[in-house]
Amino acid sequence: MRVVACPDKFRGTASAAQVAAAIEAGVRRHAGDTAQVTCLPAADGGEGTLEALGGPNRTSLVTGPLRARIEAEWRLERDTAIIEMARASGLLLAGGAEGNDPLAATTAGTGELIAEAVASGARRVIVGVGGSATTDGGLGALDAMAPLARLAGVSVVVACDVRTRFCDAAHVFGPQKGASAPQIKLLTRRLERLVDLYCERYGIDVSEMARAGAAGGLAGGLAAGLHAELAEGFDVVATEVGLAEAIEGADLVITGEGRLDAGSFDGKVVGGVLAMAADARVPAGVIVGARDPGIDLEAAARPSDQMPATDLVVLSERYGSERSMSDTLSAVSDAAAALAAAFAAGDGVGG
């Protein structure tokens, strides 16, 4: 049995790498050591992207979201740098929504990481955005990298976890960053002024650019100042780790995430993996901790007459809420063993 384990993180409970390892353990418990399990932890451009792409091997002292100096981890491999903006400008670093200052929060630290990566020899930089404390439109990052001429010839790809437009960033994400209604209005006006500034300074209009609002407009700022490519985060990660090629030769794919909702099929890991499995005609299993009412794979996944057998295991429904929260990885392992057994028995994927 050839199995690809490619889950997202279970937010607040387990990393994608931990979940993938639990899936592998479950498959091997059923199929034994003859099973070929490829673990490719996935991400959508938000938190977890750095781990999915190999994990950190560098640490730098940078400006945190509220301007305190912090140590931020990143990765440099040959001429490619991987930067996760949440490590330098993330909401958790600001103390969550309660400790954040939405008007003052800056992306300067992310810009400092990009500049250091280039100074260290990077000619290609992947920036994962998500989990930000900021709504500064990326101006803090651009100012921190000045003069931008020193980044000429460097390819920058922004792995986005949302498709929000630039000026909508404050309205959509401001509340979760601790912004009040009056502050959201101020932040929106700031973003509108930045549209004009970026047009004047760089000749690029970010106002209608898809994904430009990711990380409070950081994505748009990098697109304007560095001519960065704004890409679907899942697609970036999947390409880097060779996920499509791994699925092509598999007998079974198992993915998952902490909570299944409508957004799971809108540029996120579960939806992306199921689409790849459908294209490769490979059966797939999905393991999630919980789900929104009324959400199932048939209603929400990409419709396809060619979709192979696909099954969903909801840990809270199968094993109870207490175990799914307190002993998540063990429950994931049991669910993976059940999926593998059902596939081997010819009962579909999960029966």
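Using a Förster distance of 30 Å, how high is the FRET efficiency between E71 and L186, based on the Cβ-Cβ distance and rounded to 0.05?
Details: r = 31 Å, r/R0 = 1.04.
Approximately 0.45, to the nearest 0.05.
At a Förster radius of 25 Å, what calculated FRET efficiency corresponds to the Cβ-Cβ distance of R78 and R2, to the nearest 0.05?
Values: r = 29 Å, r/R0 = 1.17.
Working from the Cβ atoms, E equals 0.30.
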> For the pair A152 and L103, how long in nm is the line joining their label points, each one 7 Å along Cα→Cβ?
Replying inline: 3.9
>> Quick check for you: which residues of region 91-108 have the amide N under 12 Å from the point 7 Å beyond the Cα of D143 toward its beta carbon?
In response: 104-108
>> With semi-axes √(5λ) of the Cα gyration tensor in Å as the read-out, I listed [x] 34, 23, 19; [y] 37, 21, 18; [z] 44, 25, 21; which label goes with the value calculated from this structure?
In response: [y]
>> Going by Cα centres, region 28-75 and region 216-239 are how many Å apart?
In response: 18
> Computed FRET efficiency, Cβ-Cβ of E317 and A344, R0 22 Å: what is it to the nearest 0.05?
Replying inline: 0.40
>> Quick check for you: which residues of region 262-285 have the amide N under 13 Å from the point 7 Å beyond the Cα of V172 toward its beta carbon?
In response: 263, 266-268
> With charges only on Cβ, +1 for K and R and -1 for D and E, what is the dipole size of region 50-183 about its Cα centre, in debye, rounded to 20?
Replying inline: 280
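Of E84, E73, how do they rank once you tally other Cβ atoms within 10 Å and put the fewest first?
Values: E84 32, E73 18.
Arranged by neighbour count, lowest to highest, E84, E73 become E73, E84.
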> Taking the alpha-carbon centroid of each part, what is the distance from region 267-285 to region 129-185 in angstrom?
Replying inline: 30
>> Ranking request for peptides 250-261, 285-296: highest mean number of other beta-carbon atoms within 10 Å first, then the rest in descending order.
In response: 250-261, 285-296
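Test of the criteria: in region 106-210, which GluC sites (Glu not before Pro) are in a DSSP loop and have at most 14 other Cβ atoms within 10 angstrom of their Cβ?
Values: sites: E112, E116, E192, E200, E208; in loops: E208.
Of the GluC sites (Glu not before Pro), the ones in loops of region 106-210 whose Cβ has at most 14 other Cβ atoms within 10 Å are E208.
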>> How much length would be gained if the chain were fully extended between L92 and R281, taking 0.36 nm per residue of separation minus their Cα-Cα distance, in nm to one decimal?
In response: 64.0 nm
> Can you give the relative contact order of the chain as a percent, counting alpha carbon pairs under 8 Å and 6+ residues apart?
Replying inline: 19
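Only the coordinates and a few stated rules stand behind these numbers; no lab work does. Please read all numbers here as calculations on a predicted model, not as lab measurements. A quick note on method: Cβ atoms are made from the backbone with ideal geometry, for glycine too, and the neighbour counts reach across all protein chains shown.
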